[in-house]
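Right, one structure below, let's go through it.
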Amino acid sequence: MPPWGRFAPGVVLLVAAALPWLAPNEYYLQILTQGYVFAIAACGLNVIVGLAGQLSLAHSAFFGVGAYTMALLATEAGIPFWIGMPAGVLLCAALGWVIGSICLRSRGSYFAIFTLAVGIIIHLIILKWESLTHGHVGVIGIPGPAAIGPISFDSSMARSYLALLFLALTVLAVSRLVHSPVGRTLMAVRESEPLAAAVGLDVMAAKRLAFTLSAAIAGLAGALFAGFIGFLGPESSNVETTFNMLLYVVVGGLGSLSGPVTGTFIVYGLSQMLAVLQQYQMVIFGLALVLLILFMPKGLAGAVRRLAPALAKPR
Amino acid sequence: MELLAQQVLNGLVTGSVYSLVALGLTLIYGTMQVPNFAHGQMFMLGAYIAYALVTAAGLNYWLAMLVAVAAIAVLGVVLERLVFRPLRHAPHLNSMIAALGLLLFLEAVAQNIWGEEFRHMESPYGGVASLFGLLVTGHRLILVGVAALLMTALMLFLTRTMAGSAIRATAQNPEGALLVGINPDRVAMSTFAISGALAAFAGVLIAPISLVYPAMGAMITLKAFVIVVLGGMGSVPGALAGGYLLAMAESLGGTYVSSAYQDLIAFVVLALVFTFKPTGLFKEAA
């Protein structure tokens, strides 16, 4: 292991822990918190797209399901965040398992188109099932996380650290997956699925696990999003949200552990900070996606790995 | 009975547009195995270019159509050369992500130039004609006729000319086509040009009936994917028949079953097909 690599996770953690203190005001603190939440979702997308090489376009649908589960349980049934959030995650995992079992039998372009259709169906259900989801109006007045013992989550600072904690747990979970036999199988599938199957790896089981985990992580991000913002609209589950998350992952580096987090911070941060960008945001984002894939397909993580091998973490 | 006939006529109009768009998508998939997610944006840009020429420059509708078609064909060639050709030997995932990037880019460009509002384009054939007792605007009849002409021309091109045969050969067997001396670069370029032209024709034809707006391409791409999956990825007759079939199903389903969930029909059909046949209804073929 190169000498730098050993300290990298600790340094990153320190910087991350310091960031909420450095935020100049409440507004930036909230953006930071949302950045953590979207980074969690991007990590989830990275599991299925970056690690397993399967372009799932249903990711924001799971984000929406997690968010709406938490929000509706809280507002309609009075069930608190700490029960509603895990419920959303579990529902997404179950849905992910079922949908993954069906969609993953299709490969390549077929899988992308299939998941795109599934994502749109889920989004349209959320949009049109007005008696449950309130359609376009959305859900308002969603209660945030209640205090655990002496720790209250009413302040933006506390919520920021709570989001950071979940982000760290997510990265840890993905890291465990990467270094497990299933993770190796997924990378083999990404390079060549027929070859992976030919050497006797259980390709379907590994892909299904990746899809389920990816959906559960999206659900977690969705539930946190709903609980922190306090209101929720159907646009959280539309396909454009998936495209945004895809951009975060591609900028940071497909398949790298830290990539989705850095990508989210750069892209989401820039889009929030620079008002000038607002009008031309999608022109720039779309072009960036094309140029990155053409010239830097491994994103920032790949560039860092190439330019400064001593800094990069070994695989 | 009259309602039914009216809905069938509507289905025919929408079906003509669906088929033209799906034909372009299936040609690109057949020859290059790229699902061009940005295909609907070429359709949308075609409509906008014609709209700008007709309203701002006062150009004749047919002239505007030809200019728009030529412009989008060139755009198709440019995208092939600059984006899809360099990615041909990269992992499949990369060209799919690049296509998604183009989708976002082209739509945002249109939004920046023309804004988000819905635009109306006059047709020179706004008059109402009576056809077997049904009232129909002249433009709808012209749309159905022009679309049929274009499809016939495409079929003749693909079956009767060397360039068309080269496209079909590449779709059937890329290595075999290369072995008999077919230039894959030229095939890719001509396929993208034809595909862009067909999308632009469809966009300009439907513009006076539906409105012109930046997001008009997104839904039609999705519908075209459904059609192409139903008809077989890469299959030309499949795309042709599939377009009319889906439009009829939507038109009749929207009238007799549920109009709120009309847009859902296509995606549910797609999901059902993939659930039972993970590789699509037909084997990939030209």
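One Cα centroid belongs to the stretch A:144-173, the other to the stretch B:1-68; the line between them spans 50 Å.
Taking other Cβ atoms within 10 Å as a rough exposure proxy, B:Val187, A:Val15, B:Val8 sort from fewest to most as A:Val15, B:Val8, B:Val187.
Residue farthest toward the positive end of the dipole of chain A, with Cβ of Lys/Arg at +1 and Asp/Glu at -1: which of A:Gly108, A:Val203, A:Leu14? My answer, from the dipole projection, is A:Val203.
Stokes-Einstein, applied to the Kirkwood radius of the stretch A:25-238 over Cα pairs at a viscosity of 0.890 mPa s and 25 °C, places its translational diffusion at 140 µm² s⁻¹. A straight line joining the Cα centroids of the stretch A:34-113 and the stretch A:239-258 runs 15 Å.
Note on chain B: with a GNM built from Cα contacts shorter than 10 Å, the maximum mean-square fluctuation among B:Gly76, B:Gly238, B:Gly254 falls on B:Gly254. For q = 0.08, 0.11, 0.12 Å⁻¹, what log10 I(q)/I(0) does the protein assembly as shown give under the Debye formula with an equal point scatterer on each alpha carbon and no solvent? For the protein assembly as shown at q = 0.08, 0.11, 0.12 Å⁻¹, log10 I(q)/I(0) is -0.58, -1.07, -1.25.
Its alpha carbons considered, the stretch B:96-230 gives a radius of gyration followed by a Dmax of 18.6, 57 Å.
With a Förster radius of 45 Å applied to the C-beta separation of A:Ser175 and B:Leu252, the computed FRET efficiency comes to 0.30.
With N as its number of residues, the stretch B:174-213 has a Cα radius of gyration that, divided by 2.2 N^0.38 Å, comes to 1.79. Expressed in Å, the radius of gyration and Dmax of the Cα atoms of the stretch A:79-146 are 15.2, 44. Mean projected area of the Cα convex hull of the stretch A:266-306, taken over all directions, amounts to 3.1 nm². With a Cα cut-off of under 22 Å and a minimum spacing of 8 residues unless on different chains, the lysine pairs in the protein assembly as shown number 6. Rg/Rh for the stretch A:184-265 stands at 1.07; both radii use Cα atoms, and Rh follows the Kirkwood definition. Amide H contacts of B:Thr137: B:Ala129, each under 5 Å away and 5 or more positions distant or on a separate chain (H built 1.01 Å from N in the peptide plane; Pro and chain starts excluded).
If you split all Cα-Cα distances of chain B into 10 Å bins from zero, what percentages do you get per bin, shortest first? Distribution as computed: 7, 29, 36, 22, 6, 1 percent. Using a simple spin-label model with pseudo-atoms 7 Å out from Cα toward Cβ, A:Leu291 and A:Arg184 lie 4.0 nm apart. Going by neighbour counts of Cβ atoms within 10 Å, the residues B:Ile97, B:Ile265 line up, fewest first, as B:Ile265, B:Ile97. Put the Cα centre of the stretch B:98-113 next to the Cα centre of the stretch B:168-205 and the gap is 23 Å. For chain B, the membrane-span-like helices by this rule, meaning whole DSSP H stretches whose C-alpha atoms cover at least 20 Å of axis and whose Kyte-Doolittle mean is -0.5 or above, are B:2-32, B:39-55, B:61-79, B:92-114, B:138-160, B:184-206, B:216-231, B:236-256, B:262-276; this says nothing about an actual membrane.
Electrostatic tally near B:Gly40: other residues with Cβ closer than 15 Å to its Cβ, Lys and Arg +1, Asp and Glu -1, net -2.
The packing ranking of peptides B:27-37, B:101-111, highest mean first, is B:27-37, B:101-111, where packing means the average number of other beta carbon atoms within 10 angstrom of each residue. Kirkwood-type hydrodynamic radius, the stretch B:1-158: 17.7 Å, calculated from all non-identical alpha-carbon pairs.
Note on the stretch A:143-294: Cα convex hull, mean projected area over all directions, 11.4 nm². Across peptide B:54-62, the average count of Cβ atoms from other chains found within 10 Å of a residue's Cβ is 0. Residue by residue along A:115-128, Cβ atoms of other protein chains within 10 Å of the local Cβ number 4 on average. The charge dipole of the stretch A:25-238, taken about its Cα centre with unit charges on the Cβ of Lys, Arg, Asp and Glu (plus for the first two, minus for the last two), comes to roughly 540 debye.
When you work out D = kT/(6 pi eta Rh) for the stretch B:185-286 at 4 °C and 1.567 mPa s, using the Kirkwood radius from C-alpha pairs as Rh and the Stokes-Einstein form, the result is 86 µm²/s. Fewest neighbouring Cβ atoms within 10 Å first, the residues A:Phe62, A:Phe114, A:Phe81 line up as A:Phe81, A:Phe114, A:Phe62. Scanning chain A for DSSP H helices at least 18 Å long along the axis (C-alpha atoms) with a Kyte-Doolittle mean no lower than 0.0 picks out A:3-22, A:26-46, A:59-77, A:81-103, A:108-128, A:156-178, A:203-229, A:239-252, A:259-273, A:277-295.
Every number here is computed from the coordinates shown, using simple stated rules; none is lab data. Fair warning: this is a prediction, and the values are worked out from it, not measured in the lab. We place every Cβ from the backbone using ideal geometry, glycine too, and count neighbours over all the protein chains shown.
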